[in-house]
Each structure stands twice: as C-alpha cells, then as structure tokens.
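Encoded as structure tokens, the structure appears first; notes follow it.
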Amino acid sequence: MTGVLPSQTLTKMIADGQIAADQPFSSGQVQPASLDLRLGSVAYRVRASFLTGAGNRVTDRLTDFEMHKIDLTDGAVLEKNCVYVVPLQERLALPAATNAVANAKSSTGRLDLLTRVITDGGVEFDRIGAGYNGPLFAEICPRSFSVLVRPGMRLNQIRFRQGKVELDDTALRALHAEVGLVSGEAVISEGLGFSVDLKPGAGGLVGWRAKPHTGVIDLDRIGHYEVSSFWEPVLSEERRIILDPGAFYILVSREAVHIPPDYAAEMAPYVAMVGEFRVHYAGFFDPGFGHAPAGGSGARGVLEVRCHEAPFALEHGQIVGRLVYERMAARPETLYGEGIASNYQGQGLKLSKHFRAP
C-alpha cells in the first residue's frame, strides 16, 4: 500500500497490536484517515519546550526540564503561556515501511493551543519515523486561554503513511481539472494556494481576535461559552486589517476547498515569502471535507493567524498559504461529514465548538 492509510487499515493495525493503548479504544476515535490521540492521567510542567534527540527517551529528558507533576484524574488547569508534557494513552509498534505524522485537531487549533507530539529519539515535532516502537507524548502550551483538561481528551490526531504520498503540481493540476479542488482560479505552486477573505460580513465582521485576559475553558463543554467573554470582533469596511504582533486571530479563506474521497490534504502552517505570520496550527483535512455527497459543497478553511515581529497589513484576497494534497492508500469506509460527528463540514468563519453561536 502506498499513501495515507484509511480508517479500515487503522482498525486492523489496532487489532494487530501495531497501535495499542492503556485503555480500550473509544467510539469515534478512528477517523477517515487519522486516529485521535488521548491524554493520559498526568502532566509534567516543564521549563521549556524540547526535542528528545536521537538515542534519548522522553522520560529521561523530563528529569532535565520537569518543574512539577500534575494529576489530571479529576481535571486540572493548564495555564496560559506555560509548557506541559503529557504521556498519551496510545503507543506504537509500526511496521518498517510505515511512518506517521501528527497535528492538532481543529478545535484545538482554534483555541490557540499549541500542541505537538514528541517521541523517544525524536528529532522533529509531530514526525514519527518508519518502524517506530514506543510511547507517544503531547507537548502542550496554551497561548491565548488557560484550559481545563482530563484524561481521555483528544487534542491531537495522527495519520499513518507508506511511500510517497504528496501530489506534485502536475498531478494536482490534473486532479483540479477533473473534480475541482477550489472555487475560483486555482493557484498551484508546490501545492494549492489559498487566500484570506476580508470582505466584510454583517456589521463589517471579518474575523475574531482573542481577548488577552479571560477565564478558563473546560474542553468538555461544547456550545457553552459566550463568544464575547473570550473574543472581540475584527471589523473592516476597507477589506484590510493590521495584525498586531503576538495577537491571535480567527479568519477564513476566500476559497471553498474540496477534498475528494481518495485524497487528504495538509495546510502548510507557515509560508515565509508572504509575511511574518503563521496561518494554521491544525492543518489536516480528511477525505470528504467539502465533498458534496458527504454533505459538503466546498468548505472554507479557517485560518488560525498569529503575527510575529512587526505589525503586518493583510489585504483581502492576499495569498497566505497552500494546501498539500496527499493520496490515500485506499478510500476510507466513511468520509468526513458522512454519518460521523464532523463539526466543521460546510463551515465558513467559525470559532471552535466550545462557543455558542454569536
């Protein structure tokens, strides 16, 4: 098999012990092309983010950086701008030809939770080498809001791959000509370019900016929080906004995106040539996202934007990133939005599922 492994293969990997866990796997944990990862029962407050390094174990490196240990059993608050390492319930025993890549789930990224997977011997965040055998850990740093977490919460997801999975520009152009990957003109260069939508909606709304001083968000509370307690509206009648360094914004792409059933896609988190800002923390799109038979008619990508260094003027229609499409090894048995709990099918400008509709 060559490509991203689909849900039915992940189920078989669980049965074969290539993916194992401390607790029985939960309903809905296996997604069309990924597996949700669950927090364990403890968190370690550490002095700094770190990579394990070749030949080292995460548990050994924790002795260098640990400040204190936190029991998550009854729930505990991870404080804003602090760094934590949490052992995950899942562990891997991958075949020699299978590697993996992780990223934050959509709701995690929309809360400005910087969370990355680290492994024993790891030299990159979120990248697990072929044949890896060992535990998984999440590094978590809440950037805008302190959060209440418990064991079993799912902040990260992981997908498994074999062989070359990325489509080159020639293949991407052919796929767009065949099925249509994006509304409007397709800008294809090392992926499918997308731009920001700053055309004002009702009342001039173009996005949301995180407030600097807020309460705690309990990640188990869905549709619970008032938007105004955590976000301030970003308004513009001139189709331009100026990003403040260090501030966190929720914006939306101008294009509606389509991920066909035999493909997945990853949003490149940072494109240095277009400005000193990051446009996405949770960059994975499952097969079926925006696909009409799965309940979509194209869905716009939500942009989780953080500006660095200096104020930056962002204009309507400005290219801010790209989607890298990946082949599936086989079509998933279930697509995103098709009979499963898919929170963001058909989305526009949308905050995480924890907030009431504004």
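The values are calculated or read from the model by the stated rules, or taken from the named source; none is laboratory data. Keep in mind it's a predicted model, so treat the numbers as computed, not measured. Neighbour counts run over all protein chains shown; Cβ positions are idealised from the backbone, glycine included. Remember, those area values only see protein heavy atoms, side chains included, never the ligands or the DNA or RNA. Shrake-Rupley method; radii C 1.70, N 1.55, O 1.52, S 1.80 Å.
So the values come out like this:
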read-out: Condition check for residue 23: open to solvent by 80 Å² or more (accessible area, probe 1.4 Å) and closer than 18 Å to residue 136 by Cα; value: yes
read-out: 3 or more residues modelled with pLDDT of 95 or more: qualifying strands (runs of 3 or more DSSP E) within region 114-224; value: 133-142, 147-149, 154-162, 205-210
read-out: Region 112-125: number of residues that are surrounded by 19 or more Cβ atoms within 10 Å (Cβ to Cβ), within 14 Å of residue 58 (Cβ to Cβ) and within 17 Å of the chain's Cα centre (by Cα); value: 3
read-out: Output for region 300-327, where each listed residue is among the hydrophobic types (A, V, I, L, M, F, W, C), more than 21 Å from residue 237 (Cβ to Cβ) and either within 16 Å of the chain's Cα centre (by Cα) or at pLDDT 90 or above (or both); value: 302, 323, 324
read-out: Residues that are of a type in the set (Ser, Thr, Tyr), more than 21 Å from residue 102 (Cα to Cα) and part of a loop (DSSP other than H, G, I, E, B), drawn from region 29-83; value: 73
read-out: Pick from region 1-18, criterion among the aliphatic types (A, V, I, L, M) and assigned to a helix (DSSP H, G or I), ranking: nearest to residue 94 (Cα to Cα); value: 13
read-out: Which listed residue, of 97, 93, is under 25 Å from residue 9 (Cβ atoms) and exposed (fewer than 14 other Cβ atoms within 10 Å of the Cβ); value: 97
read-out: Checklist (1) out of contact with any Gly (no Cβ under 8 Å at 6 or more places or on another chain); (2) in a strand (DSSP E or B) applied to residue 103, failing item; value: (1)
